[in-house]
Structure formats: structure tokens, C-alpha cells
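See structure below.
Each value in this text was obtained by applying a stated rule to the coordinates, not by laboratory testing. Quantities reported herein were computed from a predicted structural model and do not represent experimental measurements. Cβ placement follows ideal geometry from the backbone for every residue including glycine, while neighbour counts extend to all protein chains displayed.
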Amino acid sequence: MIDHRLVLDYHLPPGWMAPFVEGLAQGQTIARRCEDCARTSFPPLRSCPCGASAGAWVELDGTAQIIHRTDGQDGSFALVLFDGAATHSVVRLDNLAPDQNIGRLAKSTGPLPQIILGPELESSHP
Amino acid sequence: MTSNPKVIVAGAALTPFNRRKDASNFRDWAYHAFDAALTMSALKRADIDALFVASESDFFTMQLNPASILASDLGLVGAAITRCEGGGASGQIAVHAAARAIQSGSAARVAVVGVDPSASQLSGDTVRALYGFSFDAWTDGMTGVSSSALYALSYQAFQARFGGTDAHLAAVTMQNRANARDNPGAHLPRDDTGQDIADSPMIAAPYRRLHCSPLSDGAAALILSNASALPESRKAAPEIAGMGAANDTLHLGARGDPGQFTAKTRAMKRACAEAGISPEQIGLAEVYDAYAGAQLQAISALGLSDDVFRDLDAGTFAPDGRCPVNLSGGLMGQGAPVGATGVGQTATCALLLEGRYHAALQPKHAPQYAVADTHGGICTTSAVTVLKQGGAR
Ligand SMILES: [Zn+2]
């Protein structure tokens, strides 16, 4: 057997998604509103399903309703709809009991931009 | 309609799919699959104009440009070589690229080799993280959403609309693994009961460990040829009658219906239009059952049933049913070396149509048409191939 260990340290530029990525670090829900049809996407879509690509960054209030939820060894995740968004989002659930249908975007805790939904009452804004 | 050259599946072979413990590697498996397919085709290495290699990730092979090393290993120096990658769909995309090369007239006899190692030497967390990057690496991947969780959410949306119970997931699981028991090359030949399935650990509800397909080591190969460029003995082998591909919005949440495999429906329509048939004419199918529920979503999206739960209960997809599904065991039973999966599904369909498959799984009367259905992501990248019975049958 050939033992081969690699350690990879990436420093990734966020590109056009920078406002979204920076927002997650602050616990802000930065979405993209299409300039043609006003549909708002979160996570942001660079090209709207209507075909337009011009858009503006808007902040949503961060509350979301859980549509489908899955729990297991991989963790807890959900398909949710953020208030003000036209698209659904897949999120990691943090401290949200199975009977809670509403949550609020939480600050990403590590270096990665993560879409985490925590309890609604706990304000994630500084 | 212009008459494209007929694309014949002259050779088809799969290595066993499993976890190798014999110190062999992906280059060995690719070699053995190719060699067996070439022997079946009655062609020689020097006859091959082009090689298409399907392999999903250099993280697993530790080899960039795998087509170059495989071409050298396989004795195909001088041929045109291409590596095809489309996540889980890589193998079927390579089949399409190869067949289109023959149709275009740029090649007459083409080899397709799909291969991937399971990377079982990496930790489970590393493998999960790497596969997380096959969705949107920048959102789902970095959030740590697993493949199982995304498939589970999609299936929940499908269930919310069409129904279905745990018993249906168990029925698919038991059927695929039972089929795998008659496939000597299968990774997970098992005879679990419904209780065994219900007792296996919950990975991402409703999916338990036994509802999931494994990652396997293995390779599959095809030799495709312009009918006029084959020896008489292989001219009547099955042909590729239609191909279709389509994609869907990558983000599950941005889809109109996250439970529907819309890309598959589009790809199937295109493949059937090219073959001049309708889905009811399909007599057997190898579908992309990454998870038990995904098999039901696939059957529905392909139009093989207008009520998949009713038809599952009625035995329509069982080995003796109207349209047997995943006689090989599918990804859940036979296993899934990613790049080899789509190539292996098409190889399996061709062998079944020609009557050369494992005897216990060979239908008494081989049907006229079969479909091989492969996708990447949560059916983000879909590729579907319709195969037709050969001329002599
Ligand atoms: Zn728009």
C-alpha cells in the first residue's frame, strides 16, 4: 500500500456572492432580488428563473418557515422558506426542536459560510 | 429524418462492484473491464478510434487527466481521448459522447470506460465533505448538507404530493438486494427483512442505512461501433436507439417542485423521441437508485408508471413484472463506483437484451427496448439512453 497524505489549505475568493457570504458571517440574510420580475432568491441566484441576470442585494428579516425536515446521523437539515424569499433554501438546523416550525438565520460559527437556522426568539443580530 | 449510422453495442463488460482488498487499483479494474468488452466485440485494440473515460473525481483516483493514463494502460495510444464528468451521470454522459462521435462520422469504433474507486481509505467525514461539493459547494457543501439529507428532503416533497409509506421504501430495498443475490458481481447481495431495515440506523429521515446505496470500487466498459464497421458476428448486437440529456436548477429549493426529477422527464422525452417510441414500450430499466425513494421518483419521472406506488404494489417492476427495474440490483444492490455506474447500467441493458446476462436474472423473453437512466446531483444532471434489441432477434 502507498500511504499518501495531503493537507489542502484553500483561500477562496467569494466572487459575486460576497455580500451573501459576508452576511452569513454577521447572521444577516442577504438575498438577491431580480430587477425584472422582483423575485427574491436565497441563497442568491445569479440568473433568475425568468431569464434576467440584473439584480439587487436586499436583506430579509431572517425568519423562515420549515417545509420539510430530516434528522439522523448526518445531522438535522430542512427545506425552508425565508420570509420575503420566492425560492426555498436548504439549511442546517441548530437547536430547533422537531415541533418548532419557524426559525431564524444564525451566524455562521466557523470560517465557512453556512446557512444555519436556529430558534426564532434568539436574535442573531448584534 | 437524416439517417445517422446505427450505433451498435458490440462489447459490454463490468468488473465486480465491491470494496477491493486485493491491492488492485482503478487502473487494474479499467483494464479488465475494457479487455473483456473488447473480446466480446471481436475487434482489436488497433480498431479503436477514440476513448471516452468517465471518472468523477481526482480526489478519489489521485490522478488528473485519467484518460491519458488509461489510454496508455489499455494500449490505445494514438486514439482521440476525452474525459467526461457530470457527477453521478458521468458514465452515461460518456456513453452519449461516444455514440454521438460515431453518429457524427468522426469515429467508427469507440471505447467507453467508466471507473472510480470508493476512496474507502479516507475517513467517512472526508468522503461526506467531498461529496457535499457535488451539490452547490458554496452553499450546500459549506453548510455541510449531506447527499443523504438532500435526497431525503426531495423524497419528502415527492411523498407529500404522491403518498407512499415506509413499506414502499422497504419493498424497493428488498427487491434490489434480492436481485443482487443473483448477480455474482454485486456489492450488497442481502436478504434483509422489513424489520432489519427498520432497525438499521437513521441517516437522514426517512432514509436508514439500508435504504442507501454504497460507494464501491469497480469499472465498466463498452465498445460502441458503427454497424458497418463490425464483423458479421456482432452486427446484430443491440443498438443505441435514442439518447436524451437535460439539467435542472442545481439548488433543490429553487426548483418549482423539489420532489420531481424534472430533468429526467425531459431527458427521457428526448431519448424516446430519438428512438421513435413511448415509455410504455420499455421492457426493462436500469434506473439511478442512489436511495430507495429515488428509484420511485425515477420511475415516475421516466414515465414508466403513472402511479408508481400502485404499480410497485402490483409487482410491475419485479423480475417477472411488465417492466423489471434494476435486475442488476441497481446502485443499492450491485453498488456504485461513480464513473462506472452509467456505463455499467448501459452495459447491463445491452447484455440483458442480447441474452448474455447472469442466467438467473435473464428474462425468459428479452424485450424490444430497455432504458438506462443515470443522474448526478439530486437529478441535476440527467442522461438517459434507450437501447433496442439487435437485428437478429
Ligand atoms: Zn426574474
When residues of the range A:20-74 are limited to those that are within 16 Å of the ligand (Cβ to nearest atom), small (Gly, Ala, Ser) and part of a loop (DSSP other than H, G, I, E, B), the one nearest to B:Leu153 (Cα to Cα): A:Ser47
Residues of the range A:63-87 that turn out to be closer than 19 Å to A:Arg33 by Cβ and touching a His at 6+ places or on another chain (Cβ under 8 Å), as a count: 3
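Residues are listed down the side, and each one gets a yes or a no for (1) of a type in the set (A, V, I, L, M); (2) within 9 Å of chain B (Cβ to nearest Cβ); (3) surrounded by 16 or more Cβ atoms within 10 Å (Cβ to Cβ):
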{"residue": "A:Ala78", "(1), (2), (3)": "yes, yes, yes"}
{"residue": "A:Gly84", "(1), (2), (3)": "no, no, yes"}
{"residue": "A:Val90", "(1), (2), (3)": "yes, yes, yes"}
{"residue": "A:Asp99", "(1), (2), (3)": "no, no, no"}
In the range B:130-150, the residues that are crowded, with 20+ Cβ neighbours inside 10 Å and within 7 Å of another protein chain (Cβ to nearest Cβ): B:Thr139, B:Asp140, B:Met142, B:Thr143, B:Gly144, B:Val145, B:Ser146, B:Ser148, B:Ala149, B:Leu150
Any pair with Cβ under 6 angstrom, 6 or more apart, that starts in the range B:288-309 at a residue that is without any contact (Cβ under 8 Å) to a residue 24 or more places away in the chain and ends at one that is outside any loop (DSSP other than H, G, I, E, B): B:Ser305/B:Ile299; B:Ser305/B:Asp311
Number of positions in the range A:75-101 that are outside any strand (DSSP E or B) and over 12 Å from the mean Cα position of the chain (by Cα): 11
Test result for B:Ala186, within 14 Å of another protein chain (Cβ to nearest Cβ), touching a residue at least 12 places away in the same chain (Cβ under 8 Å) and either crowded, with 19+ Cβ neighbours inside 10 Å or assigned to a helix (DSSP H, G or I) (or both): no
Counted residues, the range A:4-24 - those being more than 9 Å from chain B (Cβ to nearest Cβ) and over 25 Å from A:Ser53 (Cα atoms): 6
Residue identified as within 14 Å of chain A (Cβ to nearest Cβ), touching a helix residue (DSSP H, G or I) at 6+ places or on another chain (Cβ under 7 Å) and among the polar types (S, T, N, Q) among B:Ser200, B:Ser213, B:Ser300: B:Ser200
Residues located in the range A:32-58, provided they are away from chain B (no Cβ under 14 Å), surrounded by fewer than 13 Cβ atoms within 10 Å (Cβ to Cβ) and in contact with a helix residue (DSSP H, G or I) (Cβ under 9 Å, 6 or more places away or on another chain): none
Lone unmet requirement of (1) under 21 Å from B:Leu150 (Cβ atoms); (2) part of a strand (DSSP E or B); (3) in contact (Cβ under 8 Å) with a residue 40 or more places away in the chain; (4) out of contact with any Phe, Trp or Tyr (no Cβ under 6 Å at 6 or more places or on another chain) for A:Arg104: (1)
Within the range B:1-95, helices (runs of 4 or more DSSP H) holding 3 or more residues that are more than 16 Å from the chain's Cα centre (by Cα) and not hydrophobic (A, V, I, L, M, F, W, C): B:26-41, B:66-74
Scope the range B:368-385; condition buried (at least 18 other Cβ atoms within 10 Å of the Cβ) and part of a loop (DSSP other than H, G, I, E, B); matching residues: B:Gly377, B:Ile378, B:Cys379, B:Thr380
